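Worksheet: one structure, shown below.
Every read-out reported here was derived from the displayed coordinates using simple, explicitly stated rules and does not represent laboratory data. Predicted, not measured: the structure shown is a model, and the values here were computed from it. Note: ideal-geometry Cβ built from the backbone for every residue, glycine included; neighbour counts use all protein chains shown.
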Amino acid sequence: MPGMNDDYEYDAEGDVKMAMPQPIFEVTRAPSLKIWSQSAISTFLRERRQYEGKVAEQCRVTGEVQGAVTRSVRSTVEPRVLEYVAHYILKKDIESVSDDMLLAEMKRKVGVMMYDRVPDVTLLFSRELRMDLSEVDVEARIANYFMTFGRLVEDNGLAGMLGRGPAVGEEGRQRMKLRCKLLLSNVTPEMLKIDLSWLVELTHREAKVSDLALHDLMIERATRQQQYHLMQSEMKQNSAPRVKDLATAGGKAQQRPAKPQSKPPSSNGGNRSSGEQRKPPRDECLICKGPHWARDCPTASAEQKAEVAKNLRERKGR
């Protein structure tokens, strides 16, 4: 109680003043394994690593013992699954099954290929592995590409064939060589893949067996190509208004009325207009009796017009 002889300080409401603020953490839930399948175990192990990392971070702040607050693997496995693994796979009583036994069996299962069948890894990765070109950040794009590759390796039990690790010995060298080959063969765009292939073949041969070297080289070349692409896009945008202005000017020029061309003077009328030369006759049309010349009659046929012209010539010749 406040006022008693103690070493605590109290605020106006009688609460003890904390020497340091109490850390606040979100509830960290351990992942659970409900199905004994390769994909489910791969997901469980991945989430288990994240869970243990969060607990370790909290314990560094609070001073708690990590082993005392971390849930065991055994307690996060569904009872039916645990009973099956203990009886049929480990052939032991449930009480004698430890976390190390369960983890060893899980890693064995995800580390081997399903049905001991060698899959067509080229087809698998060409179908599932994609580089997200909509991501403008080059490092984020390549990071997501490599993480997707790692997830496909884990989910399909290909860690023994394509897992990370140093290229030690002939087996390790072949493993890393195939890993780097698949990483390189699915790069997009095609221009970047061709550029990387030439460099790996001629000047950066260490990238054939080192995914670290390939990763750094990929970021370097992709960044350069991205810079060139952005520069080219800006140049196109800047030149677009000029093209638009030229097109507008051309349209206005086409809309201007053309100057009337001067007609040559008529041979039999001097400067008289065509309207003055084609005045209607005093008499009616000789064919339809309309107010026009017979040769301009809209209803007469060519034979009728020729007949009228012939009669007129005969009259003039008399």
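Treat the count of other C-beta atoms within 10 Å as a stand-in for reagent exposure and order 180, 297 from fewest to most. Please list the in-between numbers first.
Values: 180 23, 297 18.
So the residues, fewest neighbours to most, are 297, 180.
Which whole-number percentage describes the relative contact order of region 121-227, with Cα contacts under 8 Å and a sequence gap of 6 or more?
Details: 101 pairs, mean separation 28.6, N = 107.
Here the relative contact order equals 27 percent.
Can you tell me the FRET efficiency between residue 133 and residue 219 if r is taken as the Cβ-Cβ distance and R0 is 22 Å, rounded to the nearest 0.05?
Calculated transfer efficiency: 0.90.
Which whole-number percent gives the relative contact order of region 38-110, counting Cα pairs below 8 Å spaced six or more residues apart?
35
Over every pair of different alpha-carbon atoms in region 105-224, take the mean of 1/r and invert it; report that Kirkwood radius in Å.
14.9
Over 21 Å between Cα atoms, which of 107/208; 109/177; 289/310 qualify?
The answer is 107/208; 109/177.
Skipping prolines and chain starts, which residues have an amide H placed within reach, meaning under 5 Å, of the one on residue 77, given they are 5 or more residues away or on another chain?
33
Fewest Cβ neighbours within 10 Å first, please rank 62, 76, 148 accordingly.
Final ranking by Cβ density, sparse to dense: 62, 148, 76.
By count of other Cβ within 10 Å, fewest leading, how are 121, 112, 85 ordered?
Working: 121 18, 112 14, 85 22.
Going from least to most buried by this count: 112, 121, 85.
Would you pull out the residues with amide H under 5 Å of residue 10's amide H, same chain only if 5 or more places away, H placed 1.01 Å from N?
17
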